[in-house]
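Step one of this worksheet: look at the structure below.
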Amino acid sequence: MNRYPLWKYLLIGAILLIGVIYAIPNFFPAVPAVQISSKLDETIDATTLQRFEQALQAKGLTPTASSTKGSQATFRFENTDQQLQALEVVKEIAGTQYSSALNLVSSTPAWLRALNANPMYLGLDLRGGVHFLMEVDMKAALDKNLTRYEDEFRDVLRNKKIQYQGVAREGDVITVKFEDAALRDAGLKTLRTEYPTQLLLEPVADTTNLKATMTPLELQTIKKNALQQNITTLRKRVNELGVAEPVIQQQGAERIVVQLAGIQDPNQARDILGATATLEFKLVDEDNDALQAQQTKRVPLNSQLYYERNGNPRLLKRQVMLTGEYIVDANAGFDESNRPAVHITLDSKGANRFAKVTGENVKRLMSVVFIETKVERKEVNGKVELKSNTTQEVINVATIQSQLGKNFQITGLASTKEATNLALLLRAGALAAPLYIVEERTIGPSMGAENIAKGLNSNIWGFIAVVIFMIIYYRVFGVISSIALAVNGFLLFAILSMLQATLTLPGLAAIALTLGMAIDANVLINERIREELRNGAPPQMAINTGYERAWGTIIDSNLTTLIAGIALFLLGAGPVRGFAVVLCLGILTSIFSAVVVSRAMVNLVYGSKPRLTHVSI
Amino acid sequence: MLEFFHFKKPIPFMRYGKLTTTISLVTFILAVLALIFKGLHLGVDFTGGTVMELRYNQPPPIEQIRTTVKSAGFDEVLIQNLGTSRDVMIRLPVKEGMTGAQVSEKVMMTLKTQDPNIELRSQEFVGPQVGQELYENGGLALLLVAAGIIIYLAFRFEWRFAVAAIIANLHDVVIILGMFAFFQWQFDLTVLAGVLAILGYSVNESVVVFDRIRENIRTMRDTSIPDIIDSAITTTMSRTIITHGSTQIMVLAMLFFGGEALHNFALALTIGIMFGIYSSVLVASPLLLLFGLKREHMIQQTKTLEGMNPDGSIV
């Protein structure tokens, strides 16, 4: 009666083995490491890795292990001294192509890492760092677009030679005045064909005016773009901060979460994240040699020396053809012959200016410069001094094929990836909607370490106390219940690690709570078995009925807690979500371990004795 | 066999129904009064504002910190020790025209003129709008959990069980909130998570008793409903206390070892677990009687249709 077929034991054994494999990486200590990642998101191959390794070895800093994963490479070191020295070495070789950062990585052995068994990420409250929640000023984004439409209306109507008296904007509505209804209807028809999906155009009753509002679809697109644009800019800036594993995520429709682990100074982070970016289109100085200018440090009078991201020097004319604020949109796509390209749209003012300067310079080289201004603060004698710091970088050089207007494209790009990157940078350099910090949390590193210790301590002491009680009270069944509880803990750790979840302090609390609640299922079973024995059932029968009867109750009682967990997950924010995830997963693992695993152990201990007269419970 | 709670005969809980209901009603009303007159001491998660945690080298004079912070232009300031005497928590409300970062920076600068060795252990700023949203979402989550549980229990048992369970457990929640209001313990996001977890957890307690009531109704054919309930509570008593005991052990470990960050969370759970036992035994079950639970509600009736043959088939 109390026997499992062999395959069931094997299956349970296999699950336990997998659980152990995926849970143990969490128990290896973290070792100091230096991480590099490609700023262009290119894959780091073995040769590049070797180049870094050789440079490190030359300085006597042989990494204990090094590995690459996608566009990131990690070098592990024995101690923090070596790590700090190595960072200097790596920085030198990395140049502008790679960003480098200090990190702590798990010392999980390679064979475990090969199985993708990695430890959980530690949340900011456990490792220290800065958390920002930023909100995009959507009103500003919408305003900017309305102003653009206002501009464009004038152009479109003028080009079609439809006379209008004026274009005005009030709130979210643009009104165009006409002399009579016939002109108004002509204007309405033209504008409707020009903006079929973006705008809702209607005549205003009792007047000869028409009014335009943005369609819900357009509103949504604008908001989505504004958010995306800001995320891109933030990502680029965070790369410069040299943070390992930064988190930059959309939250809801208008907000962005930025989490930077290990950053000690929130002010520095805030300054860099709050930098403003712009673009300048400039002509290339083709009469002089850039390399020569770089070497001799003699730059021609009307030119200026710039660098590309890979370090190539470029001589550009001082005169600015166009700035980023005129760019309305930039998208990656393909040109007529199906090569990667970036399509750029300018507003009407920009288009007029651009048409003039490009018309004069056909067949010459034009470059795009990305300019970023950061306000840095320094504390001098107890006073904060603000200093603005500008970095400039050439992001593209292309030949002007013909006079360029409102819409034009940049071609000759190496790949679609490059096109996407360029489009993102162009958009980021265009005036993005402003960001506001609506929530900020800083956790010092000492606090993080304390939180981990406290969270783990409460788990360990609680667990020991429960185990002692269970064994005294239920004896052999208590031992079995305690083992099942430990299995539950391991499985929970394993699943969280497989999901690469982020462990936070509320998460640790939830683990403690689920362990406390998980024992409930075993208590239910044990009490039922005792009851059956008391009613005179033979031991084997009592065990069987006990498990069967308790099953329904276990499901019912766990499902109600699961409902609470799901609601918490759906409506909770940040740390509460982490708590909810652990709670829900903990319920699932506890049902498995308390019912299936403990039953298997009971069957192994008692199942083989047909004439069992006594059970220790 | 080691047994703490073995009763030979069912304890007549239902006979004390009036008494226990009165006790519950009184505690409930007290809790509501505390909520109305004292109100919850909401954390920055919900109100918005700035919280800074500082560590000093020596125990600092709190009064002096207060005057210093006030002199920097922050009138509404709350300062208290946190755990040890060297750790100080400073809480400031949202200030018009200043970002949270500017606030904490200014406070730090001012305090550093007094003692340059202060360590800023953590700092937290929540904008007023975010706070409002978290507060609303918290309320919504509470409703969602309650609705989900009612639907599940109504489907699994019967509506009387569902309503009795949810009343009993919302009663627990109100008492936890009342205690937090009365003692002015800080109520923040983690405490809310604890309260919601308790709601799910103590319903599970009622479910175990209900399960037994349903089983008894089927097996104890000649017994009256109050006796059936008494027997169900008595037989599950041992399990109830042991389960809650072991969960409480874990929570106590959190209360003692978890530090300041988990303190109020563990406190909410402790109250919840204590009242959870009481309410599922002595509130939910009398409510079942009050709602008029009858044997027929739990036993599926074989309906007789017109023109049905004795074997139940219809031609």
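No value in this document is a laboratory result; all are computed from the given coordinates. Bear in mind the structure is a predicted one, so any value in this text is a computation, not a measurement. Every residue, glycine as well, gets a Cβ built from its backbone with ideal geometry; the counts of neighbours run over all protein chains shown.
Here the protein assembly as shown is assigned +1 on the Cβ of each Lys and Arg and -1 on the Cβ of each Asp and Glu. Its dipole about the Cα centre then comes out at about 1260 debye. Restricting the GluC sites (Glu not before Pro) of the range A:266-330 to loop positions (DSSP other than H, G, I, E, B) with no more than 12 neighbouring Cβ atoms within 10 Å leaves A:286. Applying 1/(1 + (r/R0)^6) with r as the Cβ-Cβ distance of residue A:71 and residue A:472 and R0 = 45 angstrom yields a FRET efficiency of 0.20. For residue A:147 and residue A:356, the FRET efficiency from 1/(1 + (r/R0)^6), where r spans their Cβ atoms and R0 equals 22 Å, is about 0.50. Each other residue within a Cβ distance under 13 Å of residue B:277 adds +1 if Lys or Arg and -1 if Asp or Glu, for a net charge of -2. Could you give me D for the range A:275-442, from Stokes-Einstein at 10 °C and 1.306 mPa s, where the hydrodynamic radius is the Kirkwood radius over C-alpha pairs? Units µm² s⁻¹, please. Taking Rh from Cα pairs, D becomes 91 µm²/s. Seen against the Cα atoms of chain B and their longest principal axis, helix B:259-282 is set at about 20 degrees.
Ellipticity at 222 nm from helices only: DSSP H runs of n ≥ 4 in chain A, each -39500 (n - 2.57), divided by the residue count, give -16500 deg cm²/dmol. Of the residues B:265, B:234, B:90, the one whose Cα sits farthest toward the positive end of the charge dipole of chain B, with +1 on the Cβ of Lys and Arg and -1 on the Cβ of Asp and Glu, is B:234. What's log10 of I(q)/I(0) for the range A:29-107 at q = 0.15 Å⁻¹, Debye sum over Cα points only, no solvent? Here log10 of I(q) over I(0) equals -0.43. Look at the stretch A:458-469: the mean tally of other chain Cβ atoms within 10 Å of its residues' Cβ atoms is 5. Of A:106, A:497, A:446, A:67, the sequence from fewest to most neighbouring Cβ atoms within 10 angstrom is A:446, A:67, A:106, A:497.
For the range A:527-578 versus the range B:231-290, the inter-centroid distance based on Cα atoms is 16 Å. For the pair residue A:110 and residue A:84, a Förster radius of 25 Å applied to the C-beta separation gives a FRET efficiency near 0.50, rounded to the nearest 0.05. Listed by Cβ neighbour count within 10 Å, with the fewest neighbours leading, A:474, A:149 appear as A:149, A:474. Remark: for residue pairs A:91/B:112; A:39/A:224; A:91/A:223; A:161/A:223; A:144/A:417; A:39/A:317, the C-alpha separation exceeds 31 Å in A:91/B:112; A:91/A:223; A:161/A:223.
A straight chain from residue A:250 to residue A:612 at 0.36 nm per residue would run longer than the Cα-Cα distance by 124.2 nm. Using the Cβ of residue A:532 as centre and a radius below 12 Å, the other residues enclosed give a net charge of +1, where K and R count +1 and D and E count -1. Over chain B, DSSP H runs of length four or greater, each weighted -39,500 (n - 2.57), average out per residue to a 222 nm ellipticity of -22000 deg cm²/dmol. Put a dot 7 Å past the Cα of residue A:345, heading toward its Cβ, do the same for residue B:36, and the two dots end up 5.9 nm apart. Based on Cα atoms of the range A:113-200, Rg over Rh with Rh as the Kirkwood radius reads 1.45. Helix B:225-257: angle to the longest alpha-carbon principal axis of chain B, degrees 0 to 90, nearest 10? Roughly 20 degrees, rounded to the nearest 10. Taking the C-alpha atoms only, the angle from helix B:17-37 to the longest principal axis of chain B is near 30 degrees.
Neighbours of residue B:191 by Cβ distance under 15 Å: Lys/Arg scored +1, Asp/Glu scored -1, total -4. Projected onto their three principal axes, the Cα atoms of chain B cover extents of 94, 51, 31 Å, largest first. Taken over the range B:49-126, the alpha-carbon convex hull comes to 78 cubic angstrom per residue. Separation of the range B:51-92 and the range B:171-197 by C-alpha centroid, Å? The range B:51-92 and the range B:171-197 have Cα centres spaced 26 Å from each other. Counting neighbouring beta carbons within 10 Å and listing from fewest to most, the residues A:452, A:410 come out as A:452, A:410.
Stretching residue A:62 away from residue A:235 to a fully extended chain increases their span by 59.2 nm, per 0.36 nm per residue minus the current alpha-carbon distance. Label-to-label distance, residue A:500 versus residue A:180, with points set 7 angstrom from Cα along the beta-carbon direction: 6.9 nm. As an exercise, find the ratio Rg/Rh for the protein assembly as shown from alpha-carbon atoms, using the Kirkwood inverse-distance average for Rh. In the protein assembly as shown, Rg relative to Rh is 1.05.
Stretched out straight at 0.36 nm per residue, the stretch from residue A:139 to residue A:202 would grow longer than its current Cα-Cα span by 20.4 nm. Just to be sure I understand the rule: take each whole DSSP H helix in chain A, project its Cα atoms onto its long axis, keep it if the span is 30 Å or more and its mean Kyte-Doolittle hydropathy is at least 1.0. Which ones pass? Qualifying helices: A:445-498. Relative contact order of chain A: 16 percent, from C-alpha pairs under 8 Å at least 6 residues apart in sequence.
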